[in-house]
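Structure record follows, encoded as structure tokens.
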Amino acid sequence: MSLIPLEHGIALAGLLFAIGLVGVMTRRNIVFVLMSLEIMLNSAGLAFVVAGAHHASAEGQVMFLMILTLAAAEVAVGLGLIIQLYRRFKTTDIEVLSALKG
Amino acid sequence: MSELFYAGGLIAIVSTLLVIVQSNVVHALIYLVLSLLAVAVVFFSLGAPFVALLEAIVYAGAIMVLFLFVVMMLNLGQASRDQERAWLPPRVWIVPCTLVLVLLGMLLPQIFEIAAVTNSPFVEVGVKAVSAELFGPYVLAVELGSFLLLAGLISAYHIAKR
Amino acid sequence: MSESLGLLPALPLLGFLILALSGGKLPKTVVALVGAGSIGLAFLVALNLALPIIADDSLIVRETLYTWMAVGSFEAQFGLTLDGLSTVMILVITGVGFLIHLYSTGFMADDPSYSRFFAIMNLFVASMLILVLADNLLLLYLGWEGVGLCSYLLIGFWYVDPKNGYAARKAFVTTRVGDTSMALGLLLLFTQLGSLDIQELMQAAVANWSVGSGLAIAATLLLLGGAVGKSAQLPLQTWLPDAMAGPTPISALIHAATMVTAGVYLVARTHVLFELAPSVQLLVACIGLATLLLAGFTAMTQHDIKRILAYSTISQIGYMFLGLGVGAWSASVFHLMTHAFFKALLFLAAGTVILSLHHEHDIFKMGGKRRQLPIAFASFLIGSLALAAFPFTSGYFSKDEILLAALEFETYGTWLWLGGVIGAVLTGFYSFRLVFVVFFGGSNGHHDAREVTGFSMAAPLFVLMLLALVGGFLTQPTAAVFGAHGQAGEHTVSAALHAVMIAAPLLGMLASYLVYGIGLIAPDTILRSGVARGLHTFWFSGWGFDWVYQRVFVAPFLWLARLNKHDIFDSVVSLLVRLTETANELLARSQTGSLRWYVLSVVGGMVVVLLATDLGGLL
């Protein structure tokens, strides 16, 4: 019914993923990092949906639902951590969290 | 429908780019909502109306509102915007962008190569088909998902508790 | 009866274990009972074993306790043999040993490490018994090293003073030189003759080696090295005077009566080998002669009561070596026995003097002590008479035998005899110098010191006085061991020569009396001349051996040690460590704790891997 080639959908997912990845690597504000992670998760979901649509299968959308669930849970915990971090250190800078330093 | 796909895709890419370069958190969130809505349009154009709605309601609605609440609780003002600008001189973008461009440079040719083999038109898959899958073979995954959400709920409550 | 042969070293060993494992928690009476009691019991066992052998000296008791080790064709038994020679030794060790232990219970009564003292003493006696009872040279070597260890531990008994520790190390290291030589000797004997069992070895040596063969000379030289180290003979004699740092009973037991005579025992035990190497045997005689003269001269100049006795010990062992060298095996062992009696007596008496005079060692700070210290005086008098070979004391008979044998020796016999006689003059002089200076004349200090005595300290002195006097009449069952020609036979010596031999020590005594007794010639007037002063200084330093060794061996060694302080060879190994540490530091630096850095690394890694596979795919 549609004439959208598969590779365009996948390429869109890849581009969104790449942008999210740049955000994770570049930003120091933890809120932005979390947003970038959301972008990456969403792009993964997009890839599933595109593939599912290509095969005319519902399983791609089921996987997107799983990812959505995961993202919801992850955001809830992540935001809780941000709040706790801000209370403790009065900052949203992830460079402050360097207790893993060797 | 393909016009819808390309328009949505373009808006998604542009607004996502704007998300990661913003210095104001609230602006970034608005762009993120825009990006997610654009992806919802893409889903719709791909013949997946159910997930398009979920994307709009859950992602762009619920999750982003959660973000917004938190940002409001943190109450980051002008000082934090200045801080953001100070943290983002042009040079910090160089290395991540280079890496990601290399990655894309390897990824995209592969994508176009594979997809060229199986190029068939998209077919719409509606709510009924998705529900049948969800409560059929994937009912266990749905249960696990509910566990995950419960665990997320409890741990978020516990962590954010004073 | 043969079962009790193993009991002999086991009893002192048991005593050692009890004392060592109790960790000094036992009350002193129990320690004394275990320490001295175990040796006393061992003496009774030894006596029981010895009586049949004294009656019939060809009797040999053998007992193999168990196989100690077996490697390939080599098998060492933990086997004990008791023959005439061993009998003399075990009686001396346990008998004199028991008396010294008894004396020690009194002498060491106030020492805080009472239990440690007796533990090591018992271990020493056990090792010494293993040494003399061993039926193979490897087991003998075990005992040999055991007594060396105990000697080290006991010289450094009062380890709080670093000087004592130094003396202990010096003794240990010096004897180690000899022990290494002996170990080489054992290896040579085993590789050449295929056995270390003493009986088999002797038979094989006689069968395979001709008289004067190179291998026999090499083997005996190496064994002699061990004997020289242990018995403090030239050139390894320097450790014994310093070994006097230990408690006096130690000096009596280890450094006079038993351990230092182990070298004599070793040579006597392997006399068959030495008979195959006449040149080495002559060397033994020369070493003995040189040592006895050197030590005799040195003894005349010393001030320290114990050092005088130490040099006299070296000198007397020199006589024993002289006897061994001229083939008078039996006479040497006889002298070993009588020497054990009178030298133990002298040392124990010296102990009494030292203890009574509040640890005074300088004889010139004593003087006129014969009334204050009557028992010590009597002991010294009798001991010195025996030492100087006054007619019909024990020392007279044994020394007489050695000198007569030397006179009858074919090569250089007369010269050896003459040297021995000069040594006898010296012995008479220095032994009575000690007696006159300490016990006669005016008091030079410690005017109201009282003699420390009591049963435990007085009784051994009386017994040893008796032995020193009449020990010469004891017969020893060594005829079967040494064969006919090693025995003291009828000597055909002219009466004039015999008179010279008797007169020699008397001459020394007379000279001593003139100088130190009545002060006819004051020592100071002799020392006024430059030559005499130089000689005195030279002799006093023990003929400068310490000085030479310090420069020739110790200083270069210390220099090398300083050079290699940081262990050059170790640095090769530590290079690996250093490398790992550096790599670790580098990697640790990469662990910044920055999450962005980690994400960047992950992505970078991913890119590298993908690039690599891509390129790999292209290739």
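So here's what we get for this one:
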{"read-out": "Residues of region B:30-48 satisfying the condition of being at the interface with chain A (Cβ under 9 Å from one of its Cβ atoms) and either without any contact (Cβ under 8 Å) to a residue 12 or more places away in the chain or not in a helix (DSSP H, G or I) (or both)", "value": "B:Leu46, B:Gly47, B:Ala48"}
{"read-out": "Any hit, region C:558-580, residues being within 11 Å of chain A (Cβ to nearest Cβ) and either under 30 Å from A:Val24 (Cβ atoms) or out of contact with any Phe, Trp or Tyr (no Cβ under 6 Å at 6 or more places or on another chain) (or both)", "value": "no"}
{"read-out": "Contacts under 6 angstrom Cβ, first residue in region C:461-481 being within 16 Å of C:Met89 (Cα to Cα), partner open to solvent by 40 Å² or more (accessible area, probe 1.4 Å) and small (Gly, Ala, Ser), 6 or more apart", "value": "C:Ala480/C:Ser58"}
{"read-out": "Selection from region C:57-88 of residues that are among the charged types (D, E, K, R) and open to solvent by 70 Å² or more (accessible area, probe 1.4 Å)", "value": "C:Arg62, C:Glu75"}
{"read-out": "Region C:407-428 - residue that is among the β-branched types (Val, Ile, Thr) and at pLDDT 85 or above and, of those, surrounded by the most Cβ atoms within 10 Å (Cβ to Cβ)", "value": "C:Thr427"}
{"read-out": "Helices (runs of 4 or more DSSP H) wholly inside region C:229-346 that include at least 1 residues being open to solvent by less than 10 Å² (accessible area, probe 1.4 Å), within 22 Å of C:Leu385 (Cα to Cα) and of a type in the set (Gly, Ala, Ser)", "value": "C:248-252, C:278-301, C:305-325"}
{"read-out": "Unmet requirement for C:Ser210, which otherwise passes all of (1) open to solvent by less than 20 Å² (accessible area, probe 1.4 Å); (2) of a type in the set (S, T, N, Q); (3) part of a loop (DSSP other than H, G, I, E, B); (4) under 26 Å from C:Glu410 (Cβ atoms)", "value": "(1)"}
{"read-out": "Residues satisfying the stated conditions in region B:57-103, i.e. buried (at least 16 other Cβ atoms within 10 Å of the Cβ) and not in a helix (DSSP H, G or I)", "value": "B:Leu76, B:Leu88"}
{"read-out": "Every residue from region C:306-324 that is closer than 15 Å to C:Thr261 by Cα and either without any contact (Cβ under 8 Å) to a residue 12 or more places away in the chain or not hydrophobic (A, V, I, L, M, F, W, C) (or both)", "value": "C:Tyr311, C:Ser312, C:Thr313, C:Ser315, C:Gln316, C:Gly318, C:Tyr319, C:Gly323"}
{"read-out": "Where B:Leu149 falls short, out of the listed (1) open to solvent by 100 Å² or more (accessible area, probe 1.4 Å); (2) within 7 Å of chain A (Cβ to nearest Cβ)", "value": "(1)"}
{"read-out": "Residue within region C:151-159 that is over 14 Å from the mean Cα position of the chain (by Cα), open to solvent by less than 60 Å² (accessible area, probe 1.4 Å) and among the hydrophobic types (A, V, I, L, M, F, W, C) present", "value": "yes"}
{"read-out": "Residues of region B:28-39 satisfying the condition of being under 10 Å from B:Ala56 (Cβ atoms) and open to solvent by less than 10 Å² (accessible area, probe 1.4 Å)", "value": "B:Leu36, B:Val39"}
{"read-out": "Inter-residue pairs, beta-carbon under 6 Å, first of a type in the set (D, E, K, R) and in region C:398-426, second surrounded by fewer than 23 Cβ atoms within 10 Å (Cβ to Cβ) and at pLDDT 85 or above, 6+ apart", "value": "none"}
{"read-out": "Positions within region A:69-102 being farther than 28 Å from B:Leu149 by Cα and facing another protein chain (nearest Cβ under 7 Å), in sequence order", "value": "A:Glu95, A:Ser98, A:Ala99, A:Leu100, A:Lys101, A:Gly102"}
{"read-out": "Conditions (1) surrounded by fewer than 19 Cβ atoms within 10 Å (Cβ to Cβ); (2) out of contact with any Leu (no Cβ under 6 Å at 6 or more places or on another chain); number of the one not met by B:Met106", "value": "(2)"}
{"read-out": "Residue ID - nearest to the other protein chains (Cβ to nearest Cβ), chosen from residues in region B:11-26 that are among the hydroxyl-bearing types (Ser, Thr, Tyr) and assigned to a helix (DSSP H, G or I)", "value": "B:Thr16"}
{"read-out": "Residue in region B:128-139 that is open to solvent by less than 60 Å² (accessible area, probe 1.4 Å), hydrophobic (A, V, I, L, M, F, W, C), within 7 Å of chain A (Cβ to nearest Cβ) and under 30 Å from C:Val602 (Cα atoms) present", "value": "no"}
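So that you can scan it fast, the table gives a plain yes or no per residue for (1) in contact (Cβ under 8 Å) with a residue 12 or more places away in the chain; (2) more than 10 Å from chain A (Cβ to nearest Cβ):
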site: B:Gly9; (1), (2): yes, no
site: B:Ala28; (1), (2): no, no
site: B:Phe50; (1), (2): yes, no
site: B:Leu54; (1), (2): no, no
site: B:Gly61; (1), (2): no, yes
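The values are calculated or read from the model by the stated rules, or taken from the named source; none is laboratory data. Note that this is a predicted model, so its numbers are computed, not measured. Glycine gets a Cβ as well: all are built from the backbone with ideal geometry, and neighbour counts include every protein chain shown. These accessible areas exclude ligands, DNA and RNA; they are computed on the full protein's heavy atoms, side chains included. Shrake-Rupley method; radii C 1.70, N 1.55, O 1.52, S 1.80 Å.
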